[in-house]
Amino acid sequence: MAKYPKVNYIGNKEKLADWIIEEMPVKNGMVLDIFAGGCSVSYALKKYGYSVVVNDILYADYVIAKALIENSDTRLRESVFEKKINEKRVEELEKKFVFLAECLYYTEEVRELSRLAAIAEALKGYEKYMLLALIRRAMIRKLPYSRMNVPWEQIQKLRDEDYSYMKYKRKRAYHNQSFESHIRENIDEYNNAVFAGKECKVYNCDALDMVRKIDFVDVVYMDPPYPSTMNNYDAFYGMFDEMFDKRRRHVDYTQKSSFLSNMDKLIKELAGKTQYIVLSQNTRVHPKPDEIEAMLRNYGSVVIKEKKHNYQVTGKGNKNSSKELLFILEMEDGRAK
């Protein structure tokens, strides 16, 4: 049976996905996952028989969605590594990716990454996105803490296996594996994750722009970056976007001061375009849950579901105090009261 593969995504909802699906207010139809992130909820929706519209502003997330949600039958063969490529193009990409050298990776590693990107460029259709998703996974896997905003000095320290063992009793040798070796290790898992479901579509838009593209969906699922938590996804994964000239400006949902007003604008745009909005949040967020609920009640009736859940990045002081919340809004006439 198809299984969601490892993507290393901060705030990933993989462990909550089945619960989220169980609480969906409709049991079939079309769902827009408007802040898809690592796509674990989109993947679960597809497995449960929904037609899914997947959207995220990050290209790093878009390639995951293309490879695992929209793709229904294309697998990637290991022979892709023997594909003949233009060496001049590899050199061009190496110059383009120079900003990664002595910042995230060693210079010789950027050369290898450039070769892999050149291979991806030469592929077509979903094969291209399968390789790009695996490249992204390899890039993250080689980095301490699985994010791209760790200072270079810290990266070098933690990639020193003796230092890592002395300090953490773990050598973390996987940080020093080649990109290709990581891809080869994961290629079967990604290939086995591909399956045919109902038709799914993937977009790479700001959330407001995405709303303007749809006519009607049964449910809009929202998992925006939580204010007051680790939420800088542009920094965590944005260098991947920069590699492929995909960085773009977008509405910022990470600020406590503007979160409610930005969410209010987004929900207002959804007037007449959906019957339900399902919003994931956490009891540790600010604005507080009761403020979020009050804003949502301007648009209809709200039911709140909760489940105990601790994220891997949650500090010891927050253990057993954190709950995941689902605000289920049934839209009325689409206008604020």
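The values are calculated or read from the model by the stated rules, or taken from the named source; none is laboratory data. As the structure is a prediction and not an experimental result, all values here were calculated from the model. All Cβ positions, even for glycine, are placed from backbone atoms using ideal geometry, and neighbour counts span all protein chains on display.
Couple of notes before you dig in:
- The conditions of being outside any strand (DSSP E or B), under 19 Å from the mean Cα position of the chain (by Cα), crowded, with 21+ Cβ neighbours inside 10 Å and among the aliphatic types (A, V, I, L, M) are met by residue 68.
- Per the conditions (1) surrounded by fewer than 21 Cβ atoms within 10 Å (Cβ to Cβ); (2) within 13 Å of residue 220 (Cα to Cα); (3) not β-branched (Val, Ile, Thr), the sole criterion not satisfied by residue 15 is (2).
- Residue 52 being modelled with pLDDT of 95 or more, in contact with a Lys or Arg (Cβ under 8 Å, 6 or more places away or on another chain) and in a helix (DSSP H, G or I): no
- Going through (1) closer than 13 Å to residue 203 by Cβ; (2) within 13 Å of the chain's Cα centre (by Cα) one by one, residue 37 falls short only on (1).
- If you go through region 148-166 and keep only what is touching a residue at least 60 places away in the same chain (Cβ under 8 Å) and crowded, with 19+ Cβ neighbours inside 10 Å, you end up with just 148.
- Residues located in region 201-235, provided they are in a helix (DSSP H, G or I) and touching a helix residue (DSSP H, G or I) at 6+ places or on another chain (Cβ under 9 Å): 207, 208, 211, 212, 233, 234
Quick grid of which residues meet (1) basic (Lys, Arg); (2) crowded, with 19+ Cβ neighbours inside 10 Å; (3) more than 21 Å from the chain's Cα centre (by Cα):
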site	(1), (2), (3)
176	no, no, yes
181	no, no, yes
189	no, no, no
206	no, no, no
209	no, no, no
219	no, yes, no
226	no, yes, no
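- Any hit, region 9-28, residues being of a type in the set (Asp, Glu), within 21 Å of residue 62 (Cα to Cα) and out of contact with any strand residue (DSSP E or B) (no Cβ under 7 Å at 6 or more places or on another chain): yes
- Unmet criterion (only one of (1) surrounded by fewer than 16 Cβ atoms within 10 Å (Cβ to Cβ); (2) assigned to a loop (DSSP other than H, G, I, E, B)) for residue 284: (1)
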